[in-house]
Amino acid sequence: MTHAERRAALEAIAAEVRVCTRCRLHQSRTNAVPGEGHPDTEVVFVGEGPGFNEDRLGRPFVGRAGDLLVKLLASIDWRRDEVFITNVVKCRPPDNRDPQPDEIAACQPYLRRQLEALDPALVVTLGRHSMGRFMPGARISDAHGTVRRVDPATGARDASVYALYHPAAALRTPAIERASYEDIAGIPPALEAWRARRARAGEAQAPDPVAAMAAAVTPDERAADLRQPAATAVALATTIETPPVAAPAPDALRVPMPAVDPDDQLGLF
Ligand code: URA
Ligand code: SF4
């Protein structure tokens with residue numbers, strides 16, 4: 001997809017979300033919150049659902065949890081307008097209760113289509129509910145700070161997923177806040193690893209797709225045999241959690257992100 005096509009696709013999804021009545025959450029919302037960010041980004045952050053401030057403004061992560069997310073991003077030299085930020089459900093659950101399974105299911109096509117349009121290399125989940133979509137069966141206390149391959153059925157065709165605690169949990173618990181800073185430091189290396197893998201797959205461009213995929217598998221990923229059907233590959237991918245990354249020089253942590261043209265921002269008004 002070209003930049004213009006991606007932008008148009010994301011705007012079309014956002015327009016549908018703003019008037020959506022597919023689940024009961026539409027009844028109590030002030031504004032739906034489709035998500036926002038850079039249409040050419042390689043990284044998509046997925047939270048749980050809008051809270052009070054997000055519902056008021058129609059934008060994701062604009063309250064205290066959002067302030068912490070911005071600080072976490074700053075610790076790796078990233079800004080929120082360089083990534084895309086959205087949620088599992090696009091409308092605020094009343095009284096900030098957990099989204100219910102039927103609400104998550106009703107909203108799922110929007111997130112899937114956003115991921116199809118963005119085609120990220122890395123999905124970052126914020127909290128349990130988001131992690132549940134991308135790392136089924138994982139426990140946040142084990143999975144935070146780890147990476148797996150994403151099931152393409154989520155809409156992310158060729159991505160890895162990296163789990164973080166929800167920033168709201170970090171606001172409540174200092175130990176979780178400390179863990180969140182440690183975890184987010186692993187994101188640039190995880191992005192670089194998957195970016196390199198995608199580049200190798202692109203270069204291979206072999207007429208035989210099996211050969212192309214085999215070429216993209218690094219020795220560390222032997223266990224994840226990509227020639228298997230997707231579901232098997234995902235199950236096997238639980239064995240490719242990132243090894244502890246030796247502390248890189250600060251410069252090496254800075255993964256170049258697309259140059260940001262403010263006019264290209266989606267959803268910022
Ligand atoms: N918490 C979320 O999960 N999402 C938001 O957009 C804001 C707070
Ligand atoms: Fe539609 Fe999702 Fe909002 Fe439910 S939460 S009304 S499915 S946009």
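A few remarks follow.
- Just one of the numbered conditions (1) out of contact with any helix residue (DSSP H, G or I) (no Cβ under 8 Å at 6 or more places or on another chain); (2) open to solvent by less than 10 Å² (accessible area, probe 1.4 Å); (3) within 16 Å of ligand 2 (Cβ to nearest atom) is not true of ASN87: (1).
- Filter result for the condition that a residue is assigned by TED's automatic domain parsing to the domain that holds ALA153, touching a Phe, Trp or Tyr at 6+ places or on another chain (Cβ under 8 Å) and touching a residue at least 24 places away in the same chain (Cβ under 8 Å), over PRO93, PRO39: PRO39
- Subset of segment 62-81 (residues that are open to solvent by 10 Å² or more (accessible area, probe 1.4 Å) and either within 16 Å of ligand 2 (Cβ to nearest atom) or closer than 19 Å to ALA14 by Cβ (or both)): VAL62, ARG80, ASP81
- Extreme residue, nearest to ligand 2 (Cβ to nearest atom), among residues of segment 96-108 that are without any contact (Cβ under 8 Å) to a residue 12 or more places away in the chain and surrounded by fewer than 14 Cβ atoms within 10 Å (Cβ to Cβ): ALA105
- Only one of the numbered conditions (1) under 12 Å from the mean Cα position of the chain (by Cα); (2) within 29 Å of MET1 (Cα to Cα) is not met by GLY49, and that is (1).
- Residues (surrounded by fewer than 24 Cβ atoms within 10 Å (Cβ to Cβ), within 14 Å of the chain's Cα centre (by Cα) and at pLDDT 95 or above) located in segment 129-138: GLY132, ARG133
- Scanning segment 25-60 for residues that are among the polar types (S, T, N, Q), away from ligand 1 (no atom under 11 Å from the Cβ) and either assigned to a helix (DSSP H, G or I) or open to solvent by 10 Å² or more (accessible area, probe 1.4 Å) (or both) turns up GLN27, SER28, THR30, ASN31.
- Being of a type in the set (D, E, K, R) and out of contact with any helix residue (DSSP H, G or I) (no Cβ under 9 Å at 6 or more places or on another chain) holds for only one residue in ASP77, ASP119, ASP95, ASP81, and it is ASP95.
- Elements of type helices (runs of 4 or more DSSP H) contained in segment 88-145, each with 2 or more residues being within 13 Å of ligand 1 (Cβ to nearest atom) and under 28 Å from ALA196 (Cα atoms): 128-134
- Residues that are open to solvent by 10 Å² or more (accessible area, probe 1.4 Å) and out of contact with any strand residue (DSSP E or B) (no Cβ under 6 Å at 6 or more places or on another chain), drawn from segment 156-171: ARG157, ASP158, TYR165, ALA168, ALA169, LEU171
- The selection criterion, being of a type outside the set (Gly, Ala, Ser) and open to solvent by 60 Å² or more (accessible area, probe 1.4 Å), holds for ARG22.
- Filter result (within 20 Å of SER160 (Cα to Cα) and away from ligand 2 (no atom under 16 Å from the Cβ)) within segment 26-61: GLY37, HIS38, PRO39, ASP40, THR41, GLU42, VAL43, VAL44, PHE45
- Residues of segment 61-73 satisfying the condition of being closer than 15 Å to VAL43 by Cβ and more than 9 Å from ligand 1 (Cβ to nearest atom): VAL70, LEU72, LEU73
The values are calculated or read from the model by the stated rules, or taken from the named source; none is laboratory data. All of these numbers come straight from a predicted model, not from anything done at the bench. Cβ atoms come from the backbone with ideal geometry, glycine included; neighbour counts cover every protein chain shown. Calculation scope for accessible area: heavy atoms of the full protein, side chains included, ligands and nucleic acids excluded. Shrake-Rupley method; radii C 1.70, N 1.55, O 1.52, S 1.80 Å.
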